[in-house]
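Since the structure comes first, as C-alpha cells, the remarks are kept for the end.
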Amino acid sequence: MAWLLALGLLAQDAVQLRSGRTLAGAVRVDKADTVGFHVDLWDTGGRIYVLWEQLPMAERSRLLGLEKPLGKRFSDKIDGLLVRTTARDVFGVSVKEEAGILHLRTNRGVVQIPLKAVVSREAVEIHEAEIFTDAERLARRQGAGDAASLIEAGRFAERIRRFDDARALYAKAAEVDAARKDEVDELLVRLEARKREAAAEAKLEAVQELADKTQFKEALKLAEEFLAEFAGTETAAANANLIASLQADQVEYHARREAFLAKKVPGAYKRRLKELTSDLARKSLADARAGLAALDDRIEGELAARYKSDPLEIRSAWQKREVQVRSVGYGAGTWIARGLPGAVPDYADVPPDPNAPKPQIMIPFGNDPNNPNKGPTWWVAADASTPYKPFGRPLLSAEEHWALTSGQDRREWVETEYARASKRVTVLEERSRSCGACQGLGQMRALRNARMVVVTCGRCHGAKHDISVRYW
C-alpha cells in the first residue's frame, strides 16, 4: 500500500459519496490538491474528477490515510422557510411579521412579502447561500477558531477569490496548530499560484477591452507586459499568440473595416444588451419599461463611439450576426405585459341590499338590581344581522408583483419585452403555455367565509397563459 500511496494511486474498489452513490475504480489522490481527486472507473474505463466536499469526512480521512479522522464537516445548511407566493418561491429566514407584511431575510437583504401574496410556507433546510453574503459565509466558517475550521475557511475564501483573507486564515491555522505547518505551507504555495492566475486573467481582460475599443497601440503594449509578467501561467500559455492576434485585428480594422465590424460588433452588442437589461431588471417596473424605449439607439451610439464609426455602420454589422435563437418568456408576469389590472379584488362581491329588512333585537336597560320584580326602564333596538364580510381579496399590484419577482425572472421579463418591441431583432415564434396555477382557466375555486367561490387566479390575474418568444 505504501508504494501505491507514493504514486498517488490507491487500490480501492469503492468510494462512497455523500449522496449515497458508490464509485468503483482506482483512486488517484494528489495530497497537494485540496479540491478533489481522480477515479479511474472500472466499468467504463473513463476517468472522472471528484470533489472532496462530495465525500463524507470519514471517507475523506480514509482516502488520505489519516490516522485521526477529520472533524465534522462545516454544515452549509441552515433551518429556514420556503414561502410560496403567487409570483415565485422565496427561501429565507423569518425576521418578523407585522401590518400584513412578512419580512424574510435573504442574501439580497430583507424582502418584504405581502401576506395576501403568500400561498403557503413550510420549514425547510436551505443552503446558506440563499441567506448570507459571501463575507458572512466566510465569517461563519471561522467560528470555532481551530486549525481545521480556519483551513476550511481559507479554502472557501480561495473559491470566492478573497486571496488575502485566505492567506491570513492559513497563517492563523499554522499558529493554532504547529503540527499542520507543512500542510499550510503547501496550501500557501497553491494559493499564490491561484492568485497569480487570477491576476493574469484580469490583465488579459484589460488587454481585450482596449482591443475592443480599437486602441490597438495601447493593447499591444499591455499584451507584451502581460506575457512577460505572467510567463509560466496557464492563462499566458493559452494566449501565447495574443500579440499576433492583436496585430491581425489592427490590420483588418484599417484595411477591411466592414469585415472587422462584422466580426466584433455582434458579440459586443450582445454583451452590452445583457448588461443593460440586467440593469433595468434591478429598477422599478416603471423605470424598466421606460429604459427599454431607446435601448437599441443607446447601444448603437456607445458602440459607434468605441469603434470610431457611425451608428448606421454598427446597425449594419449587427444585422450580419450569426443566427443564434434565444427563448425567453414573461412567466408569471404575463398579465402585466397584457395590461390586465392589479390591486383589484379577485372576486366580484355583490353588496347587500340596503332596503332589505333587518332583524331587530331589543336590549333592556335600567333594571334595578335591588328589585328584580321591577322591569327595565327602557329598551334599545339593535341590528341583529351579522356585519357583511367581503368575499374578494385584493390581487397584487404590478409593482408588488415586481418586488416579489426573482432577479432572473425580472431579467427574462425585460428581455421578452425588448424582443417583442425591438426592430433590431427578429421574433421567430410567440408561444403560450397554460398558467401552472389555474391550468389555463384564469380562475380558481377558493374557500371564503365558509363558502366555496370562484376567484380570479392570483398568479396570472386571468391571463390564462404565459407568453414566451423565440428570437434572434
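The values are calculated or read from the model by the stated rules, or taken from the named source; none is laboratory data. Owing to the predicted nature of the structure, the values given are computational and were not obtained by experimental measurement. Positions of Cβ are generated from backbone atoms using ideal geometry, with glycine treated the same way; all protein chains shown enter the neighbour counts. Side chains included, ligands, DNA and RNA excluded: accessible areas come from the protein's heavy atoms. Shrake-Rupley method; radii C 1.70, N 1.55, O 1.52, S 1.80 Å.
Against the conditions (1) within 16 Å of ALA236 (Cβ to Cβ); (2) surrounded by fewer than 13 Cβ atoms within 10 Å (Cβ to Cβ); (3) among the β-branched types (Val, Ile, Thr), VAL189 satisfies every one except (1). Scanning segment 280-295 for residues that are touching a residue at least 12 places away in the same chain (Cβ under 8 Å), of a type outside the set (Gly, Ala, Ser) and open to solvent by 20 Å² or more (accessible area, probe 1.4 Å) gives ARG282, ARG289, LEU292. Look at SER434 and say whether it is at pLDDT 95 or above, more than 30 Å from ASP296 (Cα to Cα) and surrounded by 13 or more Cβ atoms within 10 Å (Cβ to Cβ). Here the answer is yes, as SER434 does meet what is asked. When you look at GLY80, is it assigned to a strand (DSSP E or B), farther than 30 Å from VAL344 by Cα and open to solvent by less than 20 Å² (accessible area, probe 1.4 Å), yes or no? Yes: the conditions hold for GLY80. Here the condition is being out of contact with any helix residue (DSSP H, G or I) (no Cβ under 7 Å at 6 or more places or on another chain) and assigned to a helix (DSSP H, G or I); of ALA236, ALA244, it holds for ALA244 alone.
Looking at this structure, is LYS264 closer than 28 Å to ALA199 by Cα, open to solvent by 40 Å² or more (accessible area, probe 1.4 Å) and modelled with pLDDT of 95 or more? Spelling it out, it is not the case that LYS264 is closer than 28 Å to ALA199 by Cα, open to solvent by 40 Å² or more (accessible area, probe 1.4 Å) and modelled with pLDDT of 95 or more. In segment 17-51, the qualifying residues are those that are surrounded by 15 or more Cβ atoms within 10 Å (Cβ to Cβ) and touching an Asp or Glu at 6+ places or on another chain (Cβ under 9 Å), and the one that is modelled with the lowest pLDDT is THR34. For beta carbons closer than 7 Å, sequence separation of 6+ or different chains, a first residue in segment 138-158 that is under 16 Å from ILE78 (Cα atoms) and outside any loop (DSSP other than H, G, I, E, B) and a second that is hydroxyl-bearing (Ser, Thr, Tyr) and open to solvent by 10 Å² or more (accessible area, probe 1.4 Å), the qualifying pairs are ARG141/SER149.
Go through (1) modelled with pLDDT of 95 or more; (2) among the aromatic types (Phe, Trp, Tyr); (3) more than 30 Å from GLY442 (Cβ to Cβ) and name the single condition TRP335 misses. The number of the failed condition is (3).
Checking each residue in segment 414-462 for being assigned to a loop (DSSP other than H, G, I, E, B) and among the β-branched types (Val, Ile, Thr) picks out VAL425, THR426. If you filter segment 101-126 down to residues that are surrounded by 14 or more Cβ atoms within 10 Å (Cβ to Cβ) and charged (D, E, K, R), you find that the one that is farthest from VAL344 (Cα to Cα) is ARG105.
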